[in-house]
C-alpha cells in the first residue's frame, strides 16, 4: 500500500513539534482568551455561558488540538479530526456560537503558537509552519460544520426549532474565507498563567494583563 502524502511539510512539522514540546500553560485557554480580546461578540458569547458550557468549549478545543499535533504526519487524519470537530460545534449554535468564530480561532491559534517558538527559528518560518497547519485544520472544520447543518436540514423537521436561539448569520460562501494571520514576533502574548475568562468579573477586556517575555526558549 502506497503511503499517502502528508499535507504538512517536514520542516513545518519540526517547527510545530518544537513549539509544542516547549509550550507552557494551556494553549487552548490562551487561544480562547485571545479570541475574546479580539472579538467583542465572542467575549459576550463566553460571558453568557454557564461554567459547564464554558469548560466544554475550552475542553473540546484542547482535545482537538492535541489530537491534531499527534497526527501531523497524516493529513487525512487531521482532516478527519477537523471535520468531526466542526460538526461537533453545530449544536452549540443554540448557545450563540457562530461560524464566524472559526476565522478568529484560526488567527488566535496561529498567533499563540508562533509565540511558543521563542524566536528559535526565523519568524517567517514559524509563521509559515503554523499557518500551513491552520489552513488544513480550519478548511476542514468549516466543511464538517456545514456538512452537519445540511444533514440536519435534510433529515430533521425540527432543525429550525433546535437552532432558533442561534445568532449565527454566516453563509457557506462567506464562511469559506479563512483569515491568514501574520503575527509580528514583537507582539505581546497574554499571560499563560491567567484564566482565559473569569466569569465573575465584568469583562475579559479589563482582566487580561499582557506581559512581555511570553515566549519559551530552549
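The values are calculated or read from the model by the stated rules, or taken from the named source; none is laboratory data. All of these numbers come straight from a predicted model, not from anything done at the bench. For neighbour counting, all protein chains shown are included, and Cβ atoms are generated from backbone atoms with ideal geometry for every residue, glycine included.
Do you know which residues across segment 112-130 are crowded, with 22+ Cβ neighbours inside 10 Å, outside any loop (DSSP other than H, G, I, E, B) and touching a helix residue (DSSP H, G or I) at 6+ places or on another chain (Cβ under 8 Å)? Lay out the reasoning, then the answer.
Our first condition is that a residue be crowded, with 22+ Cβ neighbours inside 10 Å; within segment 112-130, this holds for 112-117, 126-127, 129-130.
Narrowing further to those that are outside any loop (DSSP other than H, G, I, E, B): 112-116, 126-127, 129-130.
Scanning segment 112-130 gives 112, 113, 114, 116, 126, 127, 129, 130.
The residues on offer are 99, 103, 94, and the sole one that is within 17 Å of the chain's Cα centre (by Cα), assigned to a helix (DSSP H, G or I), modelled with pLDDT of 95 or more and on the phi < 0 side of the Ramachandran plot is 103.
Among the residues in segment 38-52, are any outside any helix (DSSP H, G or I) and crowded, with 16+ Cβ neighbours inside 10 Å? First the steps, then the outcome.
So the first thing to find is which residues in segment 38-52 are outside any helix (DSSP H, G or I), and the list is 39, 48-50.
Pick out the ones that are also crowded, with 16+ Cβ neighbours inside 10 Å and you get 39, 49.
For segment 38-52, residues outside any helix (DSSP H, G or I) and crowded, with 16+ Cβ neighbours inside 10 Å: present.
The conditions are (1) at pLDDT 95 or above; (2) over 18 Å from the mean Cα position of the chain (by Cα), and residue 42 fails exactly one of them. Which is it? Single failed check for residue 42: (2). For residue 25, the stated conditions do not hold, so it cannot be described as under 27 Å from residue 128 (Cβ atoms), surrounded by fewer than 16 Cβ atoms within 10 Å (Cβ to Cβ) and either at pLDDT below 95 or over 12 Å from the mean Cα position of the chain (by Cα) (or both).
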